[in-house]
Amino acid sequence: MNLHYEKGFTIKDLLVKNRSKFEELLQFEATNVRDKIEEIKKIGSINLLDNAYKLVLFIVEEKEHELITFAKQEGVAWAKYQLTLAFKLEWVQAIRRTLWDFLYNYDVLQESDPDRIYFYTMEKRINELFDQFLSHFFISYSRFKDELLTKQRELVNNLSVPIIPINQEVCILPLIGMIDQQRLETIQDKVLLEIETNQIQTLIIDLSGVAQIEEELTIDLSKIIDGNLMMGCKTILTGLRSEMVKSLINSNMNLRDKTEFKGTLQSALDDIVSLKKSS
């Protein structure tokens, strides 16, 4: 490799003076990545070549703190824009090979007898720093993904339990779609928290949009109503379909002493408005 070298150059000097050669060799080493460099730059404003150069400077100067900070930033950026770990690993390994090619040429250009102790010490330190970068990158990448997944799950849970306030004492919980064990547990947790936080006195659970509720799950529905009562909140069930009524009857769960039943959500709201006017 034809590199610009002057006597007394450090490894950093060699990299700075031959940056274009470094990037050229890096792209040659990263066969599967080089065609994606411009695409990644457009997707997430991630300049792979600039970041590779920054990484090798941190490594040869042994700036461990800056390297770890940079690795964490890179992890978040790659996770945010859905770039794969396999792609990153291939890129970093290409950077590692390119840097070692430069180190070999640096040794040759110095035209001095090699110091084996120095060489093996340097080899160990450089590879340790590369490994540190990858480790902190992967941790940061995974943490961002986990946090994103948690936020998405919380959003889905909130959308699946939409508690709508009518006034300071009355709220509506319109349920839509399939009701399974996991969703009932989510409903119970969210309802009890809302009752405690907002001092809800009456909760209208509208089931007109529920496609189906399994017979064995009516026990869990009863537990939700029991929990509401313990918190001082009355439950009104509206919109029950014939299939749901049969399930409740077959389960032998006596809900009539625990809740009120109304044919429609509108009729339940009309009764509440009428009671408020009469009082």
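What follows draws every value from the coordinates through simple rules; no lab data is involved. None of these values were measured; they are calculated from a predicted model. Using ideal geometry, Cβ is built from the backbone for each residue, glycine included, and neighbour counts are taken over all protein chains shown.
Structure notes:
- Net lengthening on full extension, I139/E39 (0.36 nm per residue, minus Cα-Cα): 33.5 nm
- Backbone HN-Hα couplings from phi across the stretch 73-82 [Karplus 6.51/-1.76/1.60, Hz, Gly and Pro as x]: 5, 5, x, 5, 4, 5, 5, 4, 9, 6
- For the stretch 1-45, the residues whose amide N sits under 20 Å from a probe point set 7 Å from the Cα of S112 along the beta carbon direction are 3-17.
- Rounded to 0.05, the FRET efficiency of the L193 and R97 pair, given R0 = 51 Å and the Cβ-Cβ distance, is 0.40.
- The chain, helix-only ellipticity at 222 nm - DSSP H runs n ≥ 4, -39,500 (n - 2.57), divided by all residues, nearest 500: -21500 deg cm²/dmol
- Computed from point charges on the beta carbon alone (+1 for Lys and Arg, -1 for Asp and Glu), the dipole magnitude for the chain about its Cα centre is near 540 Debye.
- Note on T10/R153: beta-carbon distance plugged into 1/(1 + (r/R0)^6) with R0 of 41 Å gives a FRET efficiency of 0.20.
- With kT/(6 pi eta Rh) evaluated at 37 °C and eta = 0.692 mPa s, and Rh the Kirkwood radius from Cα pairs, the stretch 11-156 diffuses with a coefficient of 200 µm²/s according to Stokes-Einstein.
- Of all aspartates and glutamates in the structure, those lying under 20 Å Cα to Cα from K234, and not within fewer than 8 positions of it along the same chain, are E169, E185, D189, E194, E196, D206, D220, D226, D257, E260, D270, D271.
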